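One structure is given below, encoded as structure tokens.
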Amino acid sequence: MRETDLQLTVLGARGSMARDGQDCAEFGGDTSCYMLRAGEETLFLDAGSGLISAPAQYPKDPVILLSHLHLDHLIGLGMFPGISNREHRPQIYVPFCEDRSGAEAILDRLYAPPFWPLKLGQLESHPELLPMPQSLRRGDLTVETMPGNHPGGCLMFRICYHGKSLVYATDFEHGEEASARLSDFARDADLLLYDAQYAECEYEACRGFGHSTARKGVAIMERSGVKRLLLVHHAPWSDDAILRDRERRLPAGTSYARQGQVITI
Ligand SMILES: [Zn+2]
Ligand SMILES: [Zn+2]
């Protein structure tokens, strides 16, 4: 990996609920978590169950950006080695809160008895819980955010590094206005991660649930000049055979994310 490369590792691309079994060995069963490396910086996008299989060499002070607070994007935090290790000082950026006490109050609703034995603030690493700003800079890495279209809200991230750009649009439901905004936000990006939870034939019954389909992702890719489309947030019931079959019918430059996959741009 070169100093100017932006590298994505898929730690979990399953949506809504983790699953396991031989029939999902190829695409994986852990929920949303992606590791991004760029020079000295490492960011985790979301903290689903995939977070617990983060490689041991993540930085001493891991940075986690949460797109929103649904369980499948948070459930890995409690068992992430980087959060229980006193040598570490994780920073967790929490959306939809005003300040640090707001960030703490939101996460304490899940990570506190009776749902979890300890509050995050009681862990030896004393993680820093921070409100997610509209934009963020860490070294040469910049993160821009934009609201997506999802029940309760969800942030989309555009991450740029030395002229490379990646857009993370999980838990996003297409729509005339929402798709136009995402197309602008993702303009000419090298890689777009796009929520394709549903098959085209499943979508009508799930309209309004805040997820999309591969065909709508391809339309946004073509409209915005995105170079490569990675489909994420696979439904728990979509096994390897189903995803492989759908993938065969996708245009060039489009695929479903596989847990463990590494993409360097
Ligand atoms: Zn989700
Ligand atoms: Zn969600």
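Is it the case that some residue within region 191-208 is in contact with a Gly (Cβ under 8 Å, 6 or more places away or on another chain), away from ligand 1 (no atom under 15 Å from the Cβ) and on the phi > 0 side of the Ramachandran plot?
First, the residues of region 191-208 that are in contact with a Gly (Cβ under 8 Å, 6 or more places away or on another chain): 192, 194-197.
When the remaining residues are screened for being away from ligand 1 (no atom under 15 Å from the Cβ), the result is 192.
Remaining after also requiring on the phi > 0 side of the Ramachandran plot: none.
Within region 191-208, none of the residues are in contact with a Gly (Cβ under 8 Å, 6 or more places away or on another chain), away from ligand 1 (no atom under 15 Å from the Cβ) and on the phi > 0 side of the Ramachandran plot.
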### Cross-chain or 6+ apart pairs with Cβ under 9 Å, region 39-61 first and part of a loop (DSSP other than H, G, I, E, B), then surrounded by 17 or more Cβ atoms within 10 Å (Cβ to Cβ) and of a type in the set (Phe, Trp, Tyr)
Gly39/Tyr161; Asp46/Tyr34; Asp46/Tyr168; Ala47/Phe80; Ala54/Phe44; Ala54/Phe80; Tyr58/Phe44
### Odd one out for Leu71 among (1) more than 14 Å from the chain's Cα centre (by Cα); (2) aliphatic (A, V, I, L, M); (3) modelled with pLDDT of 95 or more
(1)
### Query
Say we look at region 162-173 and pick out the residues that are within 15 Å of ligand 2 (Cβ to nearest atom) and of a type outside the set (A, V, I, L, M, F, W, C); which of these is nearest to Arg228 (Cα to Cα)?
Tyr168
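So which of Gly102, Gly139, Gly121 ends up being over 18 Å from Pro62 (Cα atoms) and modelled with pLDDT under 95? If you could, list the steps in order and put the result at the bottom.
On the way: Gly139 fails: over 18 Å from Pro62 (Cα atoms); Gly121 fails: over 18 Å from Pro62 (Cα atoms).
Within the list Gly102, Gly139, Gly121, the selection yields Gly102.
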### Task
Might you let me know whether region 229-244 holds any residue that is touching a helix residue (DSSP H, G or I) at 6+ places or on another chain (Cβ under 9 Å), modelled with pLDDT of 95 or more and more than 22 Å from Met17 (Cβ to Cβ)?
yes
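Residues are listed down the side, and each one gets a yes or a no for (1) within 16 Å of ligand 1 (Cβ to nearest atom); (2) touching a Cys at 6+ places or on another chain (Cβ under 9 Å):
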{"residue": "Ser84", "(1), (2)": "no, no"}
{"residue": "Phe96", "(1), (2)": "yes, no"}
{"residue": "Glu104", "(1), (2)": "no, yes"}
{"residue": "Asn149", "(1), (2)": "yes, no"}
### Task
State whether one or more residues within region 99-121 are out of contact with any Gly (no Cβ under 7 Å at 6 or more places or on another chain) and in contact (Cβ under 8 Å) with a residue 60 or more places away in the chain.
no
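Please determine, by comparing only the residues of region 232-254 that are within 26 Å of Met1 (Cβ to Cβ) and surrounded by fewer than 16 Cβ atoms within 10 Å (Cβ to Cβ), which one is nearest to ligand 1 (Cβ to nearest atom). Walk me through it before giving the result.
Narrowing region 232-254 to residues within 26 Å of Met1 (Cβ to Cβ): 232, 252-254.
Those left that are additionally surrounded by fewer than 16 Cβ atoms within 10 Å (Cβ to Cβ): 252-253.
On the way: Ala252: 27, Gly253: 24 Å.
Applying the filter and picking the extreme gives Gly253.
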### Summary
Looking across region 231-249 at residues that are touching a Gly at 6+ places or on another chain (Cβ under 9 Å) and hydrophobic (A, V, I, L, M, F, W, C), the single one that is nearest to Ser183 (Cα to Cα) is Leu231
### Query
Conditions: (1) in a loop (DSSP other than H, G, I, E, B); (2) more than 15 Å from ligand 1 (Cβ to nearest atom); (3) surrounded by fewer than 21 Cβ atoms within 10 Å (Cβ to Cβ). Phe27 meets all but one. Number of the miss?
(3)
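The values are calculated or read from the model by the stated rules, or taken from the named source; none is laboratory data. Just so it is clear, the model here is predicted, and its values are computed rather than measured. Every residue, glycine among them, receives a Cβ derived from its backbone with ideal geometry; neighbour counts consider all protein chains shown.
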